[in-house]
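Enquirer: Input: one structure, supplied below.
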Amino acid sequence: MTRPLPDRSLGPEWTILELLARGIVNDSERQMVRDLLVAETLNWGELLEQALRHKMVPMLAHHIISNDLRFDVPTSIYLHLESALEWNRFQIQVYRREAVCVAQALAGRGIHFVVTKGIAFESTLYGGLGTRFMNDVDFMIAPRDRELVLSVMTELGFRTFFEYAKDARREEISSRLNPDHLPKLARTIDEPGIKTIQIDVANSLTWAKSPFDVSVEEALADRRDQPVPGMSGVTLPCFRPNYQFLFTVLHLFREAWLQKFVDFGSDVGLMKFGDVIRLIDRDPKELTDGELLRIMETHNVTDPIAWVLRRTDETFHTGTLEVLGLEERGDEQLLASQMQSKGYVNALGTSMRERLQSKSRGSLLQAVPAHSGS
Amino acid sequence: MDDITTQFEEALRRHLRSGKPNAINYDMELVQLGLDSMTAVAVLLEMEKTFNIRFPDEMLVEGTFRTAGKLKEAVQMLRERQAA
């Protein structure tokens with residue numbers, strides 16, 4: 001998928017992160033990042049803060065190191081970036097090992113599952129370079145297996161995350177009321193620098209009581225085994241590309257469209273959009289052979305998919321809607337909406353691009369009654 | 001209006017987004033008054049704090065707070081259970 005260079009209207013620091021998030025695919029993009037990084041006017045404080053907010057410090061570090069820019073970066077910053085990348089690589093190794101341990105236990109009990117998000121993408125979309133940040137390991141199971149999985153996880157020494165959370169009771173109530181995930185699970189491990197491993201087990205491709213959904217059982221029926229880097233002969237099951245794409249996009253939609261994620265300060269970041277772009281770049285044939293479109297139409301999820309892709313294209317100057325044949329699809333009222341919580345549509349007076357860059361997204365919210373048509 | 005009702009309505013109003021109705025309609029679904037999945041969590045936490053109660057797991061379901069009337073019934077029941 002080709003795309004023009006981004007405009008620099010939001011500043012050089014932001015332009016660098018946008019380019020890295022969508023993936024550097026040609027020399028002109030590489031040159032643009034180089035020019036911006038070596039400019040004396042670059043604000044390193046701003047770049048590092050935004051890279052942190054968007055979980056892109058390891059990716060920034062890797063780009064600087066692999067493009068031989070060491071001596072163009074202030075030494076103290078370079079040293080920090082280098083160690084951040086090494087640390088992320090170490091964490092990923094630990095996550096891989098834990099993911100395999102959980103996967104073997106689940107498989108041993110005959111449970112159908114896949115790994116998703118960071119642990120599924122780090123070795124494929126991000127080449128196993130240690131550039132994809134993750135702070136937990138994600139699994140997807142069928143709703144019918146919730147209790148069995150909880151029991152297996154308990155046997156493995158995991159406990160509900162309530163005990164580790166800042167507001168344990170809030171987490172507990174939230175988890176009971178929203179049964180699209182198991183309660184977050186964690187266990188302490190004996191690794192220097194890593195106190196707990198968190199596992200997030202979802203049992204829905206969207207969220208509890210969502211008007212949009214795709215059957216998990218259907219998605220789990222046809223999985224693919226993916227090699228685990230550094231572990232010879234070991235694999236982890238993942239969704240095949242169509243369902244992996246659907247889940248990734250619907251998950252992004254959930255975090256972008258439901259106001260609660262803004263209120264929690266945990267809504268979308270550049271990396272999530274980067275995942276979507278990279279999925280299309282990796283499997284354009286499989287995603288455009290008609291099967292994906294059929295699944296979307298069968299489950300009536302074309303609207304949320306088009307919502308995400310429209311914002312992806314507006315933000316990153318990509319052509320994802322065109323590639324997937326969705327330019328004319330989607331309900332315009334939903335596509336134009338920014339966000340919704342029950343009974344209310346909340347308009348953000350800004351584009352997704354500005355929202356992503358904003359450091360105080362909550363202040364962008366303007367509650368507007370749904371019937372006002374906003 | 002007794003103290004409990006006053007406290008209950010004040011706690012509820014703090015989390016509803018559909019403006020601040022003068023009189024709470026105890027039969028209307030709270031969703032229609034602006035309750036969503038996040039505010040539901042906040043409302044239940046507020047009720048626990050205000051009335052020093054704890055909703056047991058089996059009551060952490062939508063039916064408990066479908067309407068203000070249902071929620072108030074649950075709060076009263078838990079207060080009585082605790083007092084007993």
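Enquirer: Going by how many other Cβ atoms sit within 10 Å of their own, how do A:318, A:235 line up, fewest first?
Expert: With the sparsest Cβ surroundings first, the list reads A:235, A:318.
Enquirer: Further, regarding this structure: Could you tell me what a quarter of the Cα convex hull surface of the stretch A:14-103 works out to, in nm² with one decimal place?
Expert: 6.5
Enquirer: Could you derive backbone 3J(HN,Hα) for the stretch B:64-81 from the dihedral phi with the Karplus parameters 6.51, -1.76 and 1.60 (θ = phi - 60°), listing whole Hz in sequence and x where the residue is Gly or Pro?
Expert: With coefficients 6.51, -1.76 and 1.60, one gets 5, 10, 4, 10, 4, x, 4, 5, 5, 4, 5, 4, 4, 4, 5, 5, 5, 4 Hz.
Enquirer: In whole Å, how far is the Cα centre of the stretch A:120-140 from that of the stretch A:142-162?
Expert: 22
Enquirer: Evaluate the relative contact order of chain B (contact order divided by residue number), counting alpha-carbon pairs under 8 angstrom at least 6 apart; express in whole percent.
Expert: Normalised by residue count, the contact order of chain B is 32 percent.
Enquirer: Exposed loop sites here are GluC sites (Glu not before Pro) in DSSP loop states with at most 12 other C-beta atoms within 10 Å. What is the longest stretch of chain A lacking them?
Expert: So the longest stretch without any such site is A:41-327.
Enquirer: Here is a further query. I want the antiparallel fraction of DSSP beta bridges within the stretch A:93-239, as a percent rounded to 5.
Expert: Given both bridge residues lie in the stretch A:93-239, the antiparallel proportion sits at roughly 80 percent.
Enquirer: Below 8 Å between Cα atoms, with a sequence gap of 6+, how large is the relative contact order for chain A in percent?
Expert: Relative contact order here is 15 percent.
Enquirer: Tabulate in residue order the Karplus-calculated ³J(HN,Hα) for the stretch A:48-56, using 6.51 cos²θ - 1.76 cosθ + 1.60 with θ = phi - 60°, rounded to whole Hz; enter x for Gly and Pro.
Expert: Values per residue, Gly and Pro as x: 5, 5, 5, 5, 5, 4, 9, 6, 10 Hz.
Enquirer: At R0 = 41 Å, how high is the FRET efficiency between residue A:189 and residue A:291 if r is their beta carbon distance? Nearest 0.05 is fine.
Expert: 0.55
Enquirer: Continuing with this model, one more query. Going by Cα centres, the stretch A:1-75 and the stretch A:309-332 are how many Å apart?
Expert: After rounding, the separation between the Cα centres reads 25 Å.
Enquirer: What is the pair-distance distribution P(r) of chain B, computed from all Cα-Cα distances in 10 Å bins starting at 0, with each bin given as a whole percent?
Expert: 18, 58, 22, 2
Enquirer: Using the 2.2 N^0.38 Å rule of thumb for compact globular proteins, work out how the protein assembly as shown stacks up: its C-alpha Rg over that value, please.
Expert: 1.04
Enquirer: Determine the sum of side-chain charges near residue A:191: Lys and Arg each +1, Asp and Glu each -1, restricted to other residues whose C-beta is under 14 angstrom from that of residue A:191.
Expert: Values: positive: A:89, A:96, A:97, A:187, A:195; negative: A:98, A:190.
Residues near residue A:191 contribute +3 overall.
Enquirer: Let me ask another. So for chain A, if I pair up every lysine 8 or more residues apart or on another chain, how many of those pairs have alpha-carbons under 12 Å apart? Could the numbers behind the result be given before it?
Expert: Values: A:55/A:272; A:117/A:272; A:209/A:342; A:260/A:342.
Lysine pairs meeting the criterion: 4.
Enquirer: For n ≥ 4 DSSP H runs only, could you compute -39500 (n - 2.57) per run for chain A, divide by its residues and tell me the 222 nm figure to the nearest 500?
Expert: -14500 deg cm²/dmol
Enquirer: Under 13 Å from the Cβ of residue A:216, count the other residues' Cβ atoms, weight Lys and Arg +1, Asp and Glu -1, and hand me the total.
Expert: Result for the local shell: -3.
Enquirer: Looking at chain A, what % of its DSSP beta bridges pair antiparallel, to the nearest 5?
Expert: Counting DSSP beta bridges with both partners in chain A, the antiparallel share is about 85 percent.
Enquirer: Treating only the Cβ atoms of Lys and Arg (+1) and Asp and Glu (-1) as charged, compute the dipole magnitude of chain B about its Cα centre; round to the nearest 20 debye.
Expert: Rounded to the nearest 20 debye, it is 180 debye.
Enquirer: Could you quote the convex hull projected area for the stretch A:1-58, Cα atoms only and averaged over all directions, in nm²?
Expert: 4.0
Here, each number is a calculation from the coordinates, and none is a lab measurement. Just so it is clear, the structure is predicted and the values come from calculations on it, not from any experiment. Note that we place each Cβ from the backbone using ideal geometry, even for glycine, and neighbour counts take in every protein chain shown.
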